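The next block holds one structure in the form of structure tokens; read it before the comments.
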Amino acid sequence: MNLRNLAVVCVSLLPLLSCGGPAELSADVSLLRLPEGGRLPRAVVDGGGTVHVVYFQGEPRAGDLLHVSRAPGAAGWSEPRHVNSEPGTVVGIGPIDGGQIALGKDDRLHVTWFKLGRTEFLYTRTDTAGTGFEPQFAIAAGEGVEAGPSIAADRAGNVYVFWHTGAPPDAERSVFMTVSRDDGQTFSAARPVSGETEGACDCCALHAMTDEEGAVYVSYRGAGENIRRGQRLLTSLDRGETFTDELIDLWRINACPISTTSLTRGPDGMAVSWETAGQVHVSPVEALQQAASPAGEAAARRKNPAVAVNYRGETLLGWGDGFGWQSGGTFHWQRFDADGAPLGDPGTGPEIPDGSFPAIVAEPDGTFLVTF
């Protein structure tokens, strides 16, 4: 399926919840909606406890990215500021699009996204004063691109951008990487880093992140033989020089499920969340056989999982229940303890705007903040 040839439908955005501050969903989970018209959030928490969110706004094929933040103790978001320096250069049709954000050296923000037309993967970073974003520039181009890129950064000044591309069929696609060794000033030539026989599902998003030691992880959906579309994990322990490529969860399907995935850091290492056949899962990357899933039967497909782990090792897994690739669905969540056992019953929240998904961060006090 070529999503870029589909007619774009109007996105119905729900009214803002709690304009003055977060709405409490439970004692440990709160929701702070994006500014009006915002979709597709990505969130990080810096070393001082400030939450940073990059989100999409505007015309689905040619919109913009905006950035807001919330300092510890603040009730709501800061005034939005533009991320992309050239207006209308961001794709935001659905959950596989938008921008992605990473925290790097000295808590600098690094952002990547892509545009249509002459398909380019674009990049910017906060300026040295931290008060705005530098002019955007293209770090690579691609063919047959359906899903946006992902970005990871470490405290040593390494910045990694990943995407998948290639001519049809999906089994012939690969995950590519470009890396900056100077904190985003310059980038290397792109090269493939995924297994030669694993392919890459063209309409499924990937997500990259580094751990505290600088190891690099990328969760992506394969497409070996065009039917082995299980979730996969790329891991580099030498700062992107070499990668291993292992299966997270097998899913045999002769079609693209249009899915997303999420990585997060916790006190005991990395965790990854993904979807298989309408169920969402979360697992430590060091013990993929110990995946946990929410109980009960879903009224619709469980999709677009987001995950965060707090300082106690507790995990919050959030997702949307909805029909169709562009439906945001109803927001649900499940908390798990440090051993992967459920903490209480699953929770249910409001409707996620169509074409969007939740973003979750763990705040310094151990509570979880959900944004969509």
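So Leu34 passes all but one of these: (1) out of contact with any Phe, Trp or Tyr (no Cβ under 7 Å at 6 or more places or on another chain); (2) assigned to a loop (DSSP other than H, G, I, E, B); (3) modelled with pLDDT of 95 or more. Which condition number does it fail?
All conditions are met except number (1).
So which strands (runs of 3 or more DSSP E) stay within the range 297-345 end to end and still have 2 or more residues that are surrounded by fewer than 23 Cβ atoms within 10 Å (Cβ to Cβ) and touching a strand residue (DSSP E or B) at 6+ places or on another chain (Cβ under 7 Å)? Walk me through it before giving the result.
On the way: elements: 302-309, 315-321, 330-336.
In the range 297-345, 330-336 are the strands (runs of 3 or more DSSP E) which contain 2 or more residues that are surrounded by fewer than 23 Cβ atoms within 10 Å (Cβ to Cβ) and touching a strand residue (DSSP E or B) at 6+ places or on another chain (Cβ under 7 Å).
Among the listed residues Gly166, Gly144, identify the single one that is more than 18 Å from Ala359 (Cα to Cα), in contact with a Lys or Arg (Cβ under 6 Å, 6 or more places away or on another chain) and modelled with pLDDT under 95. Can you show your working first?
Values: Gly144 fails: in contact with a Lys or Arg (Cβ under 6 Å, 6 or more places away or on another chain).
The unique qualifying residue is Gly166.
Cβ contacts < 6 Å: first residue touching a residue at least 12 places away in the same chain (Cβ under 8 Å), restricted to the range 164-180; second residue part of a helix (DSSP H, G or I), any location; separation 6+ or different chain. Result?
If the second residue must be part of a helix (DSSP H, G or I), the pairs left are Gly166/Glu172.
Does Ala189 satisfy the criteria of being more than 30 Å from Gly322 (Cα to Cα), among the hydrophobic types (A, V, I, L, M, F, W, C), at pLDDT below 95 and part of a loop (DSSP other than H, G, I, E, B)? Give the steps one after another, and end with the answer.
Values: more than 30 Å from Gly322 (Cα to Cα): yes; among the hydrophobic types (A, V, I, L, M, F, W, C): yes; at pLDDT below 95: no; part of a loop (DSSP other than H, G, I, E, B): yes.
Here the answer is no, as Ala189 does not meet what is asked.
Ala138 is checked against (1) within 18 Å of Asn226 (Cα to Cα); (2) without any contact (Cβ under 8 Å) to a residue 40 or more places away in the chain and fails just one. What number does that condition carry?
(1)
Which of the residues that make up the range 282-292 are of a type outside the set (A, V, I, L, M, F, W, C) and crowded, with 18+ Cβ neighbours inside 10 Å? Break it down into steps so the answer makes sense when it comes.
At the first step, the residues of the range 282-292 found to be of a type outside the set (A, V, I, L, M, F, W, C) are 283-284, 286, 289-290.
Once the filter is applied, which keeps residues that are of a type outside the set (A, V, I, L, M, F, W, C) and crowded, with 18+ Cβ neighbours inside 10 Å, the range 282-292 yields Ser283, Pro284.
Does the range 349-361 include one or more residues that are part of a loop (DSSP other than H, G, I, E, B), among the polar types (S, T, N, Q), touching a Pro at 6+ places or on another chain (Cβ under 9 Å) and under 25 Å from Cys201 (Cβ atoms)? It would help to see each step written out before you state the result.
Here is the first cut: in the range 349-361, the residues part of a loop (DSSP other than H, G, I, E, B) are 352-358.
Keeping just the survivors that are among the polar types (S, T, N, Q) gives 356.
Add one more test, that the residue is touching a Pro at 6+ places or on another chain (Cβ under 9 Å), and what stays is 356.
Still in the list and also under 25 Å from Cys201 (Cβ atoms): 356.
The answer is yes; a qualifying residue exists.
Can you tell me which condition Cys201 does not meet? The list is (1) touching a residue at least 60 places away in the same chain (Cβ under 8 Å); (2) within 19 Å of the chain's Cα centre (by Cα), and all the others hold.
Exception for Cys201: condition (1).
The values are calculated or read from the model by the stated rules, or taken from the named source; none is laboratory data. All values derive from a computational prediction rather than experimental measurement. As a convention, Cβ positions derive from the backbone with ideal geometry for all residues, glycine included, and neighbour counts pool all protein chains shown.
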